[in-house]
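The values are calculated or read from the model by the stated rules, or taken from the named source; none is laboratory data. Since the structure is predicted, the reported quantities are computational estimates derived from the model, not experimental observations. A quick note on method: Cβ atoms are made from the backbone with ideal geometry, for glycine too, and the neighbour counts reach across all protein chains shown.
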Amino acid sequence: QSFIRLFTKDADGYLSMGFNATLEVQTTRDLKVRGLIGPAISANKRSACVGETDIGIAGT
């Protein structure tokens, strides 16, 4: 039962459960990442591939 509940979908067809995932983006030194679209928060990791200015509500 718990395994089946893991894959239940809502009325729009999306999975009802969320998972504690981490998305890490690696770029070349010529490209900088600034911002993210969707439900996420910043990991507060600063490197050469991260833009200098935080944008958005979560500061990504």
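A few points about this structure:
- Scan of the stretch 30-57 for residues that are at negative phi, surrounded by 12 or more Cβ atoms within 10 Å (Cβ to Cβ) and either touching a Ser or Thr at 6+ places or on another chain (Cβ under 9 Å) or of a type in the set (Val, Ile, Thr) (or both), ordered by number: Val33, Arg34, Leu36, Ala40, Ser42, Cys49, Val50, Asp54
- Residue check, Leu15 surrounded by 10 or more Cβ atoms within 10 Å (Cβ to Cβ) and at pLDDT 80 or above: yes
- None of Ser47, Ser16, Ser42 is in contact with a strand residue (DSSP E or B) (Cβ under 8 Å, 6 or more places away or on another chain) and either free of Cβ contacts under 8 Å to residues at least 60 places away in the same chain or over 30 Å from Ile4 (Cα atoms) (or both) except Ser16.
- The set of residues from the stretch 1-12 being modelled with pLDDT under 85, in a loop (DSSP other than H, G, I, E, B) and either of a type outside the set (A, V, I, L, M, F, W, C) or surrounded by 10 or more Cβ atoms within 10 Å (Cβ to Cβ) (or both) comprises just one member, Gln1.
- Residue within the stretch 22-29 that is surrounded by 10 or more Cβ atoms within 10 Å (Cβ to Cβ) and either part of a loop (DSSP other than H, G, I, E, B) or in contact with a helix residue (DSSP H, G or I) (Cβ under 9 Å, 6 or more places away or on another chain) (or both) present: yes
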